[in-house]
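The values are calculated or read from the model by the stated rules, or taken from the named source; none is laboratory data. Here the structure is a predicted model, which means the values were calculated and not measured. Backbone-built Cβ (ideal geometry, glycine too); neighbour counts: all protein chains shown.
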Amino acid sequence: MSGYKEVFKRTEIKYLLNGEQYRELMPYLNTIARVDEYGLSRINNIYYDTPDHRLVKTSMEKPVYKEKLRLRTYGKTGEDTNSFIEIKKKFNGIVYKRRIAGKYPDTYRYLQGAGECKEPFDDSQIAKEILAFLTLYGDLGPAMRICYDRIAMAGIRDKEFRVTFDSNIIWNDTDVDLRSEKGGRKLLKDDQRLMEIKVSNAMPMELAGKLSELRIFPVSFSKYGAGYTDMMNRAYDKKEKRTADFSPVRAGGIMKGVVAYA
């Protein structure tokens, strides 16, 4: 096991900021938090799902309880890169995250055959919980690669207080190995940032007031959910274009295109 924290329980609140809001908020944030020792880092994830995308579709219905499985690395991913198999669960707005660490080639191979896993990755309780998750869904496989740049800040007085800013978020559903350097489709505009405020208790009142002053309000935003929505929209557009390429037919002297819906 690594020295990384393996169990998290916290409230996570998301906000979508434009460039002006980000620039106006940062002077205040710098009085209560500091950029952590990693500075700007690249975060890479593979999200696992069933062939019919049951996990992401359930999550997008906004149930009281939802869960997801992902494999994560930080920075450039190679044969010796440390990685994390993570289960992330959300119940009544509280996020619970449990994870185990291992070298990327080992965790990647383990989860490539997720539906066939018979033994836990290691002898830890968390590894056994992950195996139970894999067994429950049975036919999980790598569904989407999502990568982004992150700046993370930690509270000066409250060490459990954290703020992250994610930008350059891309998704790719055809090349999901994190060792790949191929890009993908962007989820945000160039000047946008996804901010997450992570607290173990209540948000500081002064910060809440500052966000209200700058008209920065909470949003519901899932990176995997947004990538899946974009993927489905693109698939629909392609299908619609193929349909439009058919020769039109005349009916009652009026040209009518052939339209087909899934």
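Below are the figures for this structure:
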quantity	calculated
Spans of helices (runs of 4 or more DSSP H) in the range 14-123 with at least 3 residues touching a residue at least 40 places away in the same chain (Cβ under 8 Å) and closer than 15 Å to residue 224 by Cβ	54-60
Lone qualifier among 19, 3, 39 - being farther than 23 Å from residue 88 by Cα, surrounded by fewer than 16 Cβ atoms within 10 Å (Cβ to Cβ) and modelled with pLDDT under 85	39
When residues of the range 124-159 are limited to those that are part of a helix (DSSP H, G or I) and hydrophobic (A, V, I, L, M, F, W, C), the one farthest from residue 74 (Cα to Cα)	136
Total residues in the range 177-192, condition more than 21 Å from residue 18 (Cα to Cα) and crowded, with 17+ Cβ neighbours inside 10 Å	2
Qualifying positions in the range 45-54 - more than 13 Å from the chain's Cα centre (by Cα) and more than 8 Å from residue 143 (Cβ to Cβ)	50, 51, 52, 54
Residue in the range 210-218 that is touching a residue at least 60 places away in the same chain (Cβ under 8 Å), within 17 Å of the chain's Cα centre (by Cα) and over 25 Å from residue 96 (Cβ atoms) present	no
Check on residue 40, aliphatic (A, V, I, L, M) and closer than 20 Å to residue 184 by Cβ	yes
Criterion: in contact with a helix residue (DSSP H, G or I) (Cβ under 8 Å, 6 or more places away or on another chain) and free of Cβ contacts under 8 Å to residues at least 60 places away in the same chain - qualifying residue of 136, 187, 140, 178	187
Filtered residues of the range 193-219 (kept if in a loop (DSSP other than H, G, I, E, B) and either modelled with pLDDT under 95 or surrounded by fewer than 18 Cβ atoms within 10 Å (Cβ to Cβ) (or both))	200, 201, 202, 203, 204, 214, 215, 217, 219
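Residue-by-condition table, conditions (1) closer than 30 Å to residue 108 by Cβ; (2) hydroxyl-bearing (Ser, Thr, Tyr):
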residue	(1), (2)
171	yes, no
198	yes, no
212	no, yes
217	no, no
220	no, yes
223	yes, no
